[in-house]
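A.B. asks: Please find one structure pasted underneath; my questions will follow.
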């Protein structure tokens, strides 16, 4: 039986004939391999350019998109804002109003008055986006809250707080408190997610589902039970808090500032505390219709440039320094 001359033996190493064949392969080292190295570099650069053009469209290309042409033809960018949120936008002034102005001037650099602010609420944003009343909304829209929207990068992360009127409650465990919240709000949704994570139910595998094995339930002795009450409005929620029907109210920092700081005299909350419990947070983003994603890609570029230049931090410090953060729980406000 004829032996394979190219077979590599464990003891003999590489046979001479195979070594000769390997020597004939082109090398990327030294002077002889310079053309191969250059070819590989050019190919890598070309591949990188394709990837970048696919995932990071140049601004000039985005500015020639259909949605930008539509806005240019009207000569104005209509932006929906919550015009009743201190720090963010109130009477046309605030952090979100500044972002709206900067975005409008970026999209319409040749327009004398490129921005039109349109007051809206969380319930009317969707309607006004799709009937053409507004092009963009910068109105405390929670990230990922609606699949019909295109979202920008987050421009602010807002902590969700359990607000109490008794300092004694600040150090209590969640199961020792009666907590009120509004389900339809970002704070309400984050709080519900927090509650569902207290007693997680193990997911069943495919085999368990096929065999129809019963779902594993948490051990009653180790189950955390939280008494919570839902409300339909902030007035109802704050009234329950003041009357003592609940021990704490789940509120985003923006709304803590509005109802417990700015409007303290109207709401009758003279002093409040933040519980030590970390419920979670919510990201606020600019939104447009999902059919006009170029607007949000350009918004991303604006946010990136503002953060790189330091302008973003300046605006945050100017307008949002009073928004409570989860840094000093238990301190009276």
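The values are calculated or read from the model by the stated rules, or taken from the named source; none is laboratory data. Note that the structure is a prediction, hence the values are computed from the model and not measured. So basically every Cβ, Gly included, is an ideal-geometry build from the backbone, and we count neighbours across all protein chains shown.
A.B. asks: Taking the stretch 77-90, which residues are surrounded by fewer than 17 Cβ atoms within 10 Å (Cβ to Cβ) and outside any strand (DSSP E or B)?
C.D. replies: None; the set is empty.
A.B. asks: For residue 147, all conditions in the list (1) more than 28 Å from residue 246 (Cβ to Cβ); (2) in a loop (DSSP other than H, G, I, E, B); (3) in contact with a strand residue (DSSP E or B) (Cβ under 9 Å, 6 or more places away or on another chain) hold save one; what is the number of the exception?
C.D. replies: (3)
A.B. asks: Another question about this same structure. Would you be able to tell me the number of residues in the stretch 91-113 that are surrounded by fewer than 19 Cβ atoms within 10 Å (Cβ to Cβ), touching a strand residue (DSSP E or B) at 6+ places or on another chain (Cβ under 7 Å) and at pLDDT below 95?
C.D. replies: Qualifying residue count for the region: 1.
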